[in-house]
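Step one of this worksheet: look at the structure below.
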Amino acid sequence: MDAVSQLQRQFVEHATSLYREGYLDDQFTQLQKLQDESNPDFVVEVVTLFFEDSEKLLNNLATALQQESIDYKQVDAHVHQFKGSSSSIGAQRVKNVCVVFRNYCDEKNLDGCLVCLQQAKNEYLLVRNKLEALLNLEQQILQAGGSVPMIT
Amino acid sequence: MAAKQHKRNYMISRSSSTPPMASFVKRLFGKIHSAVNSWERNHSPCRRRSLHRDVEQEDLQHINTNCLSSYYSVFVARLAIMVMLAILIGLLTLLTWHFTKVYTRTSLNALAYGLRYELLQRPVLRMWSILNSTVEITTAQVRLSEYVIRKYNRPENQAQQVELYEVMRDVTWALFASYRALNSITIKYKNGFVQAFHRDPRDNSTYYIYNDLTNYTMSGPYDVNMSSSHQGWNDQTIHSNISAIWYREPLDPNTGEKIGKQKAIPPDELINIAGISQVPYGAASWHVAVSKFTNSPLLSAAMPVWDESQGNIMAVVGVTTSLYSVGQLMKELVGFHSGHIYLTSQEGWLLATSSTTPLLTNSSTGPKLMMAVDSQDPVIQTGAKWLLKAYGNKPPPNHEVHIEHAKLGHQTYYIDSFFLNLKRLPMVGVLIIPRKYIMGKVDERAFKTLMILISASVCILIIGCVCIFVLTNGVSKEMKLRAELISHLDARRKAEASSNYKSQFLANMSHELRTPMAAVIGLLDILISDECLTNEQYATISQIRRCSTALLRLLNNILDISKVESGKLVLEEAEFDMGRELEGLVDMFSVQCKNHNVETVIDLSDDMPKVVQGDSARVVQIFANLISNSIKFTTSGYIILRGWCEDPHSCIENGKFSFDQKALWPAQKNKLIQQENQEKSSCKKDNRVILWFEVDDTGCGIDPSKWESVFESFEQADPSTTRLHGGTGLGLCIVRTLVNKMGGEIRVVKKNGPGTLMQLYLLLGTPVDMPLENYKLKYADHNLKVVLALNGSMCRMILSKWLFKTGVHTWEACEWNELTHILQELFIPSRYTQNLTYECSKVESISKQEMEVSVFIIVIDIGLLNLSTDIWKEQLNFLDIFYKRAKFAWVLNHDTSNTIKMELHNRGHLMMVNEPLYKSKMVQIMEAAIKEKMISLRHGILGGDTHEFLEIDNVHSDPESSNDSEKSELNCSTTGIVQVEETRRTRSSSRYGIVNNCFLELTEVCSERNKQGANETFPVSQEKRMQYAEKTISEQKSLKGVRILLAEDTPILQRVATIMLEKMGATVVVVGDGMQAVEALQTPSEGGMTTQTKMRVPPPYDLILMDCQMPKMDGYEATKAIRRAEMGTDLHIPIVALTAHAMSSDEAKCLEVGMDAYLTKPIDCKLMVSTILSLTKLQPNSLT
């Protein structure tokens, strides 16, 4: 039990730090609330979907921005989608980068776009690491037989 | 210089005029010259001065040369006109003069000729008559002599002879005496005897002259034959008859009596005695003779006396007449008419003149006649000479000469001569009249006339010139002004163009600047959310963030201004709730105001239309600017936003204040009335209303002189403002342009007390048939009693006034002690007696019975509690006493701590509203109270103590939920009012924070809630409860049975939304793009509705959630397709847009294509559910 409470405390700490530092927002809490007996792996499922989707989108964006003549409309659509998915999962910082990214897209500012793409990648990787860590902790807690504490 | 030249020219043109005028002209000219000079002095410096200010040097020069050349041209034109005028007037003068002169002259000449003729004729006629009379007398003498001689024919003796002579003497005397003009009568008998009478004109004596008869022969002379008699009858015989002695005796001139002694006289004393020689042919003859007795020539005639029987001459009779009387006549004529007349014989001997000069010359042989050319009178002499010179010895036929201009000496004369052809004595009469006499006056008059004409014409010319000068002066001035006007217009056009460029430039620039600003702000956001920042860095970055936001706001302002200036601002026409917008605005600003210790109050009159048509964003912008302005300058006191509708009732209801304002805007009001009258007819159609607003603050105020200028761009009332408060001065300018754009006006009006009062009105449309809420009816019969325990005096006053008007009893308290006092008065009857105040006396009137029926509401400001210490808990305890008798409503601050809220909640005080308290919040509180009362009454009737239960239920609500959820809980029992309040707050904050449009959904939610409230169903609260306490209340699924089609391409969202919706009990079908969505609708069998029993066949789904950006077919297209398919049917499937765009344009676009609502990603669960509910529940309700 000690280990479980240890894990639980770790989990809470990690989660709160995520919220505090702005990696995640309320949306993620809501996702967690949606998870219940009927679909127990909902959060994991969604987060995994997000990862897949994001990587695909980031790749698309990278290729789109390397084109000789950049189709900003296309880029914008990608960024828009990225923004939608990141905001759905509550990845706030990724979403913020996307906002800036779209501004550059509107301006057709290639340098800005590239900078933003880099930032988006960084943010994505960060949030991915954090989320994976969080989910790992959750798994460990569940495996240890504890219940996942709610983060308010 | 020009004036000088002008003068010179003028002088030249005038110098031809007469010399006497010259000095006058000169003087006049001096005056004109000086006047022109002074004019020039007056004008040119002023022009120069005015130009000096803003025109450059070369411009000045250019204008000067321009002016100079125009000056010259004007002068040339003037000169030409003047010269023409001069010529015209000169010609007129000359012609007038000429014609008058010529005509008078000819007529005068004719007259003068007649006069001259007449003058000359008269002496000639006199001459003629003298000759005639002489001849007649001679003839008479001859006849008498013949008779006498015949009678005494042949005298036989001496006695008879003597008798004959005596008779002859008597007869002759009779004749002589009868003609006084006669000089002498002589009779010379054949025998040599001579009888003669003679008058001496010198001494007017008359003599009888005879010779003695001694040596005459009686026979001798009588026997002479013809020849001898001839010899004997010559003059020599008489003179040579020296032997004879001549006697002379003086006679009385009248009687002829002898008065003196006869005296012998020498022969040279003798007068001329006509002899036989003078009648050589026996006929009468005459000639001009001279005598020493008279100084005038004598005319003597001689006639023989024939003896008929013998045929020889018996005697010779001679008669002499003096021509003196002719001269006398001439003198008379000349004396009357002036001039000279003389008569000459044909040979030129002078016979008579009008002058007094002697006509005879004394030569050695006695007096002799003189020639006219030798006359001593100079005029006659020169005249005769002139004639002689002109005609010589060949006078013209008839001797008639008429000469008008004979220059004699220094004068000109008329010379006229007539010829009088007498037998043997032809005569010539000459008349010399000085020309001056006849034409003198005429010539003088002509000269005078000429003078007068010339002077008159000169005067006219001068006046004309002056007129021309004045007129042309005006014209040239006008020309100058016109030129100036043209240049000004040009300058203005340029200025306008440049201002236009400026606006364009500003618009472009600020737009260009905005884009990088957005990026800067976004990047700053990223930076702020970075974890590895030190505190210092964080502070700096937040500062930068704030500055950037301010800069962006400034840019937006400039953009707004330039948009308005370039006329590109187009106002929307959409319905919105004016009251709610303004309340939200006040909510927002009240937070800011709290820090300033300023009370923000909104006071909208009841007659304001609830929904108006217009551009809500712009209206809000107007008031946001005004209020933020007021806040900026108000450090203490209050800010009131008043609003009322232009209507006679509202004027009265608003009380004296608005009346005062109306009085201050009389012109405005008149204009409005006119406007209203004009629009009265149209008013019916488009329902325009005039909404009046006032923003009243107690700040530093604006100086009255700046009341107009504060609305100008970049204008601030006080230059130090920028230092103190910042700002650009664009705010009010934007406000005014917006207000004007909405058909209104804004101005600062006079206010009693410190501060500023801005008054404005807007002309906005209202939808037709808006029912006015009549609060009076609503509350009066519920018997509401309200205790207002509020800190803010203004707010309290306004609310109580309104409540009083709607028929609600109110008591006011501004501090805790007062409140306790009132409460005790009200609820503890034992203390009735102690109270004397008005309120208390009113309290007394409330009977016990009434107490039970009426609803008490106590509105308490949280600020009344002593929060600094723990006393507030005791205060709450005190209030608990009244808990069951009254409803408590708490007014919270935005910074009220959670512990207090919790405590209140625990004690069962569930109605809480945030500051500021205003009408609609009050309405909600009262409605909640009434509702609760109704419920409790109903429960009371049923018998169960449900009131108690409700309280317990409330107390048992989840303690760890947030403030929001707490309120949601509250809504379970109080019909969701505070929920509305909460949503409003979120709305307002989101609306005015970042651009985030959830407005529509919210309004829908609100309306929905109201409906639900009316139906006494509480789906929202149920849903909430489910959300937060899902495990316990799993049965209650708010969306149970709702079939939803989700069109979303992102798998994450698909998943999330599906789970969310399914948790609510909804059935969800997911499709990947718009195309599939459309297809799914067309083929209902595809929908997975197996679990649900189908109530209605079409449509297969109750609602569609549609992502906007999807591959293949995006949300907009899909919606359009669906709406097309629905066309012609009654069906209208609600479509809710899901989009990550957060722009208002997107919302508009969504609604435009036919969507019903609009949700932003990330999906807010509450919001989504409420939206879905509002759209799905609405339909069955309306259908069934």
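The values are calculated or read from the model by the stated rules, or taken from the named source; none is laboratory data. As the structure is a prediction and not an experimental result, all values here were calculated from the model. No Cβ is skipped: glycine too gets one built from the backbone with ideal geometry, and neighbour counts run over all protein chains shown. All accessible areas refer to the heavy atoms of the entire protein, side chains included, with ligands and DNA or RNA removed. Shrake-Rupley method; radii C 1.70, N 1.55, O 1.52, S 1.80 Å.
Using each residue's phi in the range B:412-417, evaluate 6.51 cos²θ - 1.76 cosθ + 1.60 at θ = phi - 60° and report the 3J(HN,Hα) Karplus result to the nearest Hz, with x for Gly and Pro.
9, 10, 8, 10, 10, 9
Return the FRET efficiency for the residue pair B:Val83, B:Glu496: r is the Cβ-Cβ distance, R0 is 51 Å, and the value is rounded to the nearest 0.05.
With R0 = 51 Å, the Cβ-Cβ based efficiency is 0.60.
Hey, can you grab everything whose amide H is under 5 Å from the amide H of B:Gly614? Only 5+ residues off in sequence or another chain; H modelled, so Pro and N-termini drop out.
B:Ala574, B:Glu575, B:Phe576
For a quick check: with amide H placed at 1.01 Å from N, whose amide H comes under 5 Å from B:Leu533's, ignoring anything fewer than 5 positions away on the same chain?
Answer set, sorted by chain and number: none.
Find the centroid of the Cα atoms in the range B:195-210 and in the range A:14-44, then give the distance between the two in whole Å.
Using only Cα atoms to place each centre, the spacing works out to 190 Å.
Dipole magnitude of the range A:1-136 about its Cα centre, charges +1 at Lys/Arg Cβ and -1 at Asp/Glu Cβ only, in debye to the nearest 20?
Here the range A:1-136 has a charge dipole of around 280 debye.
On full extension of the chain, what length is gained from B:Gln121 through B:Leu92, given 0.36 nm per residue of separation minus the C-alpha to C-alpha distance?
6.1 nm
Points 7 angstrom from Cα along the Cβ direction at B:Ala483 and B:Asp170: gap in nanometres?
Taking the simple label geometry, B:Ala483 and B:Asp170 are separated by 12.2 nm.
Return the equivalent ellipsoid semi-axes of chain A as a descending list in whole Å, where each equals the square root of 5 times an eigenvalue of the C-alpha gyration tensor.
Computed over chain A, the values are 34, 14, 12 Å.
Name the residues whose placed amide hydrogens come within less than 5 Å of the amide hydrogen of B:Glu812, ignoring near sequence neighbours (fewer than 5 apart) on the same chain.
Close amide H contacts, sequence-distant or interchain: B:Leu788.
Report the one residue of B:Leu524, B:Ile486, B:His410 whose Cα lies farthest in the direction of the positive end of the charge dipole of the range B:402-536 (charges on C-beta: Lys and Arg +1, Asp and Glu -1; origin at the Cα centre).
The Cα lying farthest towards the positive end belongs to B:His410.
Set the Förster radius R0 to 41 Å, insert the Cβ-Cβ distance between B:Asp895 and B:Asn752 as r into 1/(1 + (r/R0)^6), and round the FRET efficiency to 0.05.
According to the calculation, E is roughly 0.75.
Using 0.36 nm per residue of separation minus the Cα-Cα distance, give me the extension gain between B:Glu404 and B:Ser548 in nm, one decimal.
39.8 nm
Which value, in debye to the nearest 20, gives the size of the charge dipole of the range A:10-56 about its Cα centre, when Lys and Arg are +1 and Asp and Glu are -1 at the Cβ?
140
Tell me: how much accessible area in total is hidden between A and B, 1.4 Å probe, Å², nearest 100?
2900
Give a residue-ordered list of calculated ³J(HN,Hα) values for the range B:168-179 (Karplus: 6.51 cos²θ - 1.76 cosθ + 1.60, θ = phi - 60°; whole Hz; x for Gly, Pro).
Coupling constants for the range B:168-179: 4, 4, 5, 4, 4, 4, 4, 5, 4, 5, 6, 10 Hz.
Contour minus end-to-end for B:Thr356 and B:Met509, with contour as 0.36 nm per residue of separation and end-to-end as the Cα-Cα distance?
42.5 nm
Over 30 Å between C-alpha atoms is what I'm after, so list which of B:Lys741/B:Lys1166; B:Lys385/B:Lys436; B:Lys610/B:Lys884; B:Lys610/B:Lys805; B:Lys741/B:Lys921 land there.
With Cα atoms farther than 30 Å apart: B:Lys741/B:Lys1166; B:Lys610/B:Lys884; B:Lys741/B:Lys921.
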